[in-house]
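Heads up: the structure comes next, in structure tokens.
Just so it is clear, none of the values below were taken in a lab; they were calculated from the coordinates. All figures in this text were calculated on a predicted structure; none of them were measured in a lab. Positions of Cβ are backbone-derived with ideal geometry, glycine not excepted, and every protein chain shown enters the neighbour counts.
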Amino acid sequence: MVESFNRRDIIAEIVSMGHVLLLIVGIMMGYIAAKRTTRTEPVIRCLNAVIGSLVTAGFLALLVIVGSLINLRSVLVNASPMLYKLLTLGHKGAAGIFIILLIGLFCGVFAAALYYLPQLVRRVVIMSLSIMVSAGVLQDLLRPILSAWGPMAFLSERLFAYNGLTVSGSIALVLLIAVVMTIWGLKRQDVKTGYGTLPTGTQRGIKIGGFFILAVVLIALPHVLGLFLSEVLTIVGLYVLLGLGLNIVVGYAGMLDLGYVAFFAIGSYVTAILTSPELGFFSFSLLGALPFAIILGVFSGVLLGIPVLKMRGDYLAIATLGFGEIIRILVLSDCLRPWLGGAQGAGGIPKASILGYRFAGPQQIYYLILAGCILVVFISLRLKNSRLGRAWMAMREDEDVAQAMGINLVSTKLLAFATGAGFSALSGAIFASKLGSVYPHSFSVMISINIICLIIVGGMGSIPGVIVGAAALVGLPELLREFAEYRMLVYGAALVAMMILRPEGLWPEAKHKMELHAEKNNV
């Protein structure tokens, strides 16, 4: 992977993606060593950070030493001379080993400094470097977008070289992000305090203005980003819909559902049955089939909820997983083939159309998915602060206590399953219209696993967290398809790192964050 990533430069002819990957690993090992040190003396923490990074570098140095003496390629296929050259920065012998250890020492010192920096400075440093690296990784996408804007074409030429960022462009980008982040961080508390003292009418006007700007950006987004990025946005939007539904079940009500993809499949197949000319039963439009798909999704959620009402934790997860597999096997079965198409699926599903406007391509379907996301976000927000939402959260914390306080667990659980299933069926119906066909293999259990992952990474119970998690875990792998051989490996490593460094999620719910950091907050 390191050798493959070395072909893409972050800073032209200076730093490649392979180098960045090694630096990130070294710095993370040092940072984790400093963070997990039980003794609080700064010298001990710094020493542990340096040792952690040096040990990591030592293993790489050992690989180079052994690889120079023995041919490891019969066991480690990618232990090539090119990899050794990359690790030692082109130096041979003792000089190369010294370079590796020196880089490990630098990573340890940087990790220790990062640990002891003030929170604002640490955030600024991480964000500035992350954006610079992201710009280098996504240069093939950013360069044509900037060039298409006319006035921004000059910026594109100054920022990007033929492969990677220019030196001056990378420095300017880091400084710009650092200045913006610093000003934003310093003013943030003052803005919050000042905002609270403003009259109610002024606060309402600021909110309306913010929503208006956000609406303009969302409407213009597909035309600015182009066809490929619009397709990525539609995929992310579908996962946002799915994530918001599962967030009701898992994030609000605390019930782990591993068979959530079943409702996604039900929404898709109900839409196919009602609209597909290949199946030939009905000739509904998508908008005509949508209510039936949602209603049957809600009914299926209640149907699943009834037999698992008394189950909790792992038992509930396994039971719902079984339900998801039952739906997949039924769809594949020969007995239902005349109605569902069997393994060949069903095609010919018409595109959605409203008042003559046809949602055909990604740039049009984006608006349909955006409308669905806005509707589901609105419902989720209203439910969260309602009596039912508070009952879900009480049940999430402790079912026995919630029942003792007078909450009807049967109706509360069934409403959670039904609501989440309805949102999933909505996403499935739009998915069927987007592809124009449905196939059983599109509804594997990995869909459920991915949705749970994006909720955890984004922040359990957090609506903005679902959106951020979908962008990080669904959008990013789509943008990195050129590294298809390794992108899922990086995906898994990112999940592990996320759970270690930020278990509350990227955008956590306030209450959940307080629970995870109870000792730090003296709660």
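Below, the figures for the structure above:
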item	result
20 Å binning of all Cα-Cα separations within the chain, expressed as whole percents from 0 upward	18, 47, 32, 3
Crossing angle, helix 42-69 versus the chain [Cα axis fit, 0-90 degrees, rounded to tens]	80
Residues Asp9, Asp334 arranged by fewest to most Cβ contacts within 10 Å	Asp334, Asp9
Folded to 0 to 90 degrees: helix 261-275 orientation relative to the chain principal axis, Cα	50
Nearest 10 degrees, 0 to 90: helix 286-305 Cα axis against the chain principal axis	80
Antiparallel DSSP beta bridges within the chain, as percent of all bridges there, nearest 5	90
Which of Glu325, Glu397 has the fewest Cβ neighbours within 10 Å, and the rest in rising order	Glu397, Glu325
Per-pair calculated FRET efficiency, R0 = 56 Å: Leu155 and Leu309 via Cβ, rounded to 0.05	0.45
For segment 228-508, Kirkwood radius (reciprocal of mean inverse C-alpha pair distance, Å)	19.1
Lys351, Lys310, Lys35 arranged by Cβ crowding within 10 Å, fewest neighbours leading	Lys310, Lys35, Lys351
Pairwise centroid distance, computed over Cα atoms, of segment 378-408 with segment 49-69, Å	52
Global geometry of segment 81-143, whether rounded, prolate or oblate, following the gyration tensor of its Cα atoms and the 1.5 cut on a/c	oblate
Whether segment 2-47 is rounded, prolate or oblate, judged on the alpha carbon gyration tensor where a/c under 1.5 counts as rounded	prolate
Two-site FRET efficiency, Ser4 against Ile329, from Cβ-Cβ distance with R₀ of 41 Å, rounded to 0.05	0.60
For the chain: relative contact order, % (alpha-carbon pairs under 8 angstrom, 6 or more apart)	16
Three-way shape label, segment 29-175, alpha-carbon gyration tensor, a/c 1.5	oblate
Long pairs among Lys434/Lys511; Lys35/Lys384; Lys310/Lys384, criterion Cα-Cα beyond 31 Å	Lys434/Lys511; Lys35/Lys384
Sorted peptide list for 62-71, 259-268, criterion being average Cβ within 10 angstrom, highest first	259-268, 62-71
